[in-house]
Amino acid sequence: MKIIAVRNAQIHPQFQPTVHLGFDPATSDLSVSLYLPPPATDEAASGDAGLSLIESVVVNVGDLRKRYDWCDHQTYFVAVHAGAFLPVFALYPETLPNRETAVDYAQRLKRNLLVGINVPFAAASDDELFITVNLNAQATDANIQVDEHCALVWSDAASSGAVRTMAFPFIHVQAPASVAAGGSALIELRIEDVTGQLLDREAVVYLEAVSGLVPFTRVRASHGLASVPVSAAGMSAGDEIRVKFGWKYFPGAEDARIAVVAA
């Protein structure tokens, strides 16, 4: 499993445990352990003292897959508060009500969003998931260890959120510039990576018609492609069709606007 470590300036500079991560492909268990060096003593100064385990947790990815909030474009966090792990939670259902960023959420609740389990697509295999680890700005290789089933890389991104933005899928829509009043049109959508390349994946995209009519509230993209019919029924020249596109817990990631003109 890919582990992406980030030096995050938002993390308290005096809180830097050593994080050990391991993954068991046979059971889909992800283990996370926190260690702290012992207080400075004559023994510690002599180099005889080791790290002290302060907390550990095992997250079964198979169990996460059974949760109602497992979906495309999702992140689960193993967060820390007061030196202890909190129950694993899905990020976007938590941040959606206040439309807040992960940073704002963490600061409001005084949580350290230490380890993120990132799900680009609901159908992603364990190997296609990726783990982010938020360490502080002074972190070094000594502050993170992984087992033989994990591949550790360091990111230059400022936060795990920036890593997610670069690695998660994007929704790109194409719509005609105009439609006749009372007429209909077709909006084409693509699931792309950050470079604009089509992703040959299945995904569910959620729709919200701000104005105009759409026949459904979600559409399944097949091989990264989908079409959405829209109607200007009951609309007049000068009006505008506007449809938002997003993920289950991340709505409004993209929108399409079509001018309504005289028939």
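Quick notes on this one:
- Filtered residues of region 82-111 (kept if touching a His at 6+ places or on another chain (Cβ under 7 Å) and surrounded by 12 or more Cβ atoms within 10 Å (Cβ to Cβ)): ARG111
- For region 232-263, the tally of residues that are closer than 30 Å to TYR76 by Cβ and not acidic (Asp, Glu) stands at 11.
- Test: residue in region 144-160 that is under 16 Å from HIS73 (Cβ atoms) and of a type outside the set (A, V, I, L, M, F, W, C): yes
- On the stretch given as region 209-263, residues that are under 27 Å from GLY196 (Cβ atoms), assigned to a strand (DSSP E or B) and of a type outside the set (D, E, K, R) total 23.
- When region 127-144 is filtered for residues that are touching a Gly at 6+ places or on another chain (Cβ under 9 Å) and not aliphatic (A, V, I, L, M), the ones remaining, listed by number, are PHE130, THR132, ASN134.
- Residues of region 178-207 that are more than 19 Å from the chain's Cα centre (by Cα) and on the phi > 0 side of the Ramachandran plot: GLY182 alone.
- Positions within region 122-141 being surrounded by fewer than 20 Cβ atoms within 10 Å (Cβ to Cβ) and either hydrophobic (A, V, I, L, M, F, W, C) or not in a loop (DSSP other than H, G, I, E, B) (or both), in sequence order: ALA122, ALA123, ALA124, ASP126, ASP127, GLU128, ASN136, ALA137, ASP141
- Any hit, region 112-121, residues being of a type in the set (Val, Ile, Thr), crowded, with 16+ Cβ neighbours inside 10 Å and farther than 28 Å from THR18 by Cβ: no
- Verdict on ILE117 being assigned to a strand (DSSP E or B), in contact (Cβ under 8 Å) with a residue 60 or more places away in the chain and among the aliphatic types (A, V, I, L, M): yes
- Checking ARG201 against (1) outside the structural domain of VAL80 (by TED's automatic domain parsing); (2) surrounded by fewer than 16 Cβ atoms within 10 Å (Cβ to Cβ); (3) not in a strand (DSSP E or B), the condition it does not meet: (2)
- Subset of region 157-190 that is assigned to a strand (DSSP E or B) and small (Gly, Ala, Ser) - its residue that is surrounded by the most Cβ atoms within 10 Å (Cβ to Cβ): ALA185
- Of everything listed in (1) more than 19 Å from ARG218 (Cα to Cα); (2) surrounded by fewer than 14 Cβ atoms within 10 Å (Cβ to Cβ); (3) acidic (Asp, Glu), the single unmet condition for ASP193 is (2).
- Residue selected from region 73-84 under the condition over 16 Å from GLY116 (Cβ atoms) and in a loop (DSSP other than H, G, I, E, B), by the criterion modelled with the highest pLDDT: ALA82
- Only residues that are under 21 Å from LEU51 (Cα atoms) and either of a type outside the set (S, T, N, Q) or at pLDDT below 95 (or both) were counted in region 142-163, giving 7.
- Residue check for LEU186: modelled with pLDDT under 95 and either of a type outside the set (Gly, Ala, Ser) or not assigned by TED's automatic domain parsing to the domain that holds ALA26 (or both): no
The values are calculated or read from the model by the stated rules, or taken from the named source; none is laboratory data. Note that the coordinates shown come from a computational prediction; the quantities given were computed from them, not determined experimentally. Here Cβ is always computed from backbone atoms with ideal geometry, including for glycine, and neighbour counts include all displayed protein chains.
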